[in-house]
Amino acid sequence: MSKRTTFILTAICIFTLAWAVTPQKGKKRVRRQAKTEDNRVYLIHSDVLSYDQYKNPDAQILNGHVQFKHNGAKLFCDSAHFYEASNSFEAFGNVKMYQGDTLTLFSDYAYYDGNDQMAMARYNVVLTHRKSKLYTDSLNFDRLYNIGYFFEGGKLVDNGSVLTSDWGEYDTKTRMAVFNYDVRLRNKKFYMTSDTLYYDTGKSLAHVVGPSNITSGNSHIYTEDGYYNTKSEQSELYGRSMMKDNGKSVIGDSVYYDSKKGTSEAFGNVIYTDSINKNKLTGDYCWYDENTGYAMATKRAVAIDFSQKDSLYMHADTFKIFTFNINTDSVYRKIHAYNHVRAYRIDVQAVCDSLVYNSLDSCMIMYRDPIIWNMNQQLLGEEIRVYMKDSTVNRAHVIGQALSVEQMPDSIHFNQISSKEMFAFFEKGEIYEAESKDNVQIVYYPIDDSDSTIIGLNYTETTQMRMFLENRKMKKIWMPKAKGTLYPLTQVPPEKYFLPNYAWFDYIRPLNKDDIFEWRPKKGGAELKPEKRREAPLQHLFNDDVKEEKEAKENEVKEENEEKID
């Protein structure tokens, strides 16, 4: 996840001062009784006071520098109608209300009810708290419950960010703010749209509900239920949230991101997609550290490569990715897959206990009983190395007890080659050359081209063999020196049908992309037993044996000299 995600997620933190909420329709407020202390609205000053018993007999008409006071709040206006009997007034022109030294409310008109302590401001309303300003045409502020709300659209400006919504509410007592309907937030670094947003200014915790999109440059987050702590810069996204950045995306039932540490976790049906390199990683748990480039996926983890015509699906108990020289031009990665590795593609399948892929040399190494199938061919050994080029196989190297088996069309006979090492070379995914080295044994059934029948069994032993193929058919074969026999099918000795290390593991082979989750081990005793390699004898200079031998020879020479003297 890129650092730009930090800007995206911090989008929500500017709501430290929201003054809005959607009042629920049909729900009446249950108001508590006013306190027993003096709750009267006091007229402090007016240049002119008059009555009009015909037009408004219940009001005192005030003009010029009008000032009221009520329970710690002060209100100024150009003119007003004061209803002393109902403890309320209407204010006109340059209406200004001050509550403490942090809150001001300006408007063209306001109605204030001293009994309910409700201020209803209209037209060109500006509510200011510290450095934040809220602009709207209709705002009600309930001083009894410390709640302000607007309902005909509003705009909040704070530190260069602009927030708009249709409805909103802010509780100055609980410090909870809510924005509803067509919520939009914009600043120089990001843009956000949402249906509902809650913000707890006391805990610095923001919560978006409903379809929400946050974008910053090429980065994009979609969530329908997300939390963000503006102090710790930690976020929690639920409900199949998605994060995109520069061709990469992460989707999960729940995603946790720590911006300061640069770490993220995803749980439940996690899908990581790299659309640039055309690969995908899925699982029920994923971890990523953007500072080190370390990643891990487990619990039904699957790696998918869709760079070719047919996608390759690979499953392992755990996948781990290690990044070296991160944020440099020489960056490369190593991918570890273990245990119970199974892979499936229409044209190739594989199993092994574990594997390592190194992007530095594009080499994938398969360990512990690796097997590869291609159509009717099977290849196995102690270790198999596959070198890639442009996402396709370039060459393969089988090390130790190499065995190649090809099932004939009749499903009864098998061409077989065994040796200590095998090499295969590919062009555009097609093999064109194969080589076997050391202790080469061959069982081969030549075919009559006229009627495609088997001529017999050719058993051969040699030190090296090279085959050249074209369109998957043998074109030429080369051996330095060979010893072989061609047996007619009716005269083949029973022990010659199969090489000593022959095995056909069709019961292990993955059948489809869903079968990669079903681990089927080799039958007991069929596992390869690594051959002990001969080691060159170590040379020890002046070891104890050498010293003893030297001393013995010196003693013999000494004795001979003494005898000569005698």
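The values are calculated or read from the model by the stated rules, or taken from the named source; none is laboratory data. All values reported here derive from a predicted model rather than from experimental measurement. FYI the Cβ positions are ideal-geometry reconstructions off the backbone, even for glycines, and counts take in every protein chain you see. Keep in mind that these areas ignore ligands, DNA and RNA; they rest on the heavy atoms of the full protein, side chains included. Shrake-Rupley method; radii C 1.70, N 1.55, O 1.52, S 1.80 Å.
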Violations at 29 Å Cα threshold for listed pairs K248/K309; K475/K522; K133/K248; K481/K523 -> K475/K522; K133/K248; K481/K523
Label point distance in nm, D225-R300, each placed 7 Å from Cα along Cα→Cβ
2.0
Work out how far the C-alpha atoms of region 234-357 reach from end to end along every principal axis, then list the three figures in whole Å, largest first.
44, 37, 27
Using Cα centres only, tell me the gap between region 163-212 and region 328-372 in whole Å.
47
How large, in percent, is the carbon and sulfur part of the accessible surface of region 345-486 at a probe radius of 1.4 Å?
50
Percent of Cα pairs exceeding the 33 Å cut-off, where the set is the chain
64
If you count only protein heavy atoms with a 1.4 Å probe, what accessible area per residue comes out for region 239-312, rounded to a whole Å²?
47
I'm a student and want to see the number: the projected area of the Cα convex hull of region 51-138, averaged over all directions, in nm².
5.8
Can you compute the FRET efficiency between K74 and K155 using 1/(1 + (r/R0)^6), with r the Cβ-Cβ distance and R0 = 35 Å? Round to the nearest 0.05.
0.85
As a test of the definition: which semi-axes, in Å, follow for region 289-344 when you take the square root of five times each eigenvalue of its alpha carbon gyration tensor? Largest first, please.
23, 15, 8
Y444 neighbourhood, Cβ < 13 Å, K/R = +1, D/E = -1, net charge -1
Could you list the trypsin sites (Lys or Arg not before Pro) in region 40-112 that lie in coil according to DSSP, counting only those with at most 16 other Cβ atoms within 10 Å of their Cβ?
R40, K55
Cut-off under 20 Å on the C-alpha distance; same-chain residues fewer than 8 positions from K131 excluded. Which aspartates and glutamates are left, in chain and number order?
D101, D158, E169, D171, D200
Along its principal axes, what span do the Cα atoms of region 93-167 show, with the longest given first and each in whole Å?
37, 27, 26
Roughly to the nearest percent, how much of the accessible area of region 125-209 is carbon and sulfur, given a 1.4 Å probe?
49
Sites Y497 and Y191 - FRET efficiency at Förster radius 51 Å, r taken between beta-carbons, to 0.05:
0.10
Any chance you could run the full-extension gain for D448 through Y123? It's 0.36 nm times the residue separation minus the Cα-Cα distance, nm to one decimal.
107.2 nm
Rolling a 1.4 angstrom probe over the protein chains, ignoring ligands and nucleic acids, what is the accessible area of V492 in square angstrom, nearest 10?
20
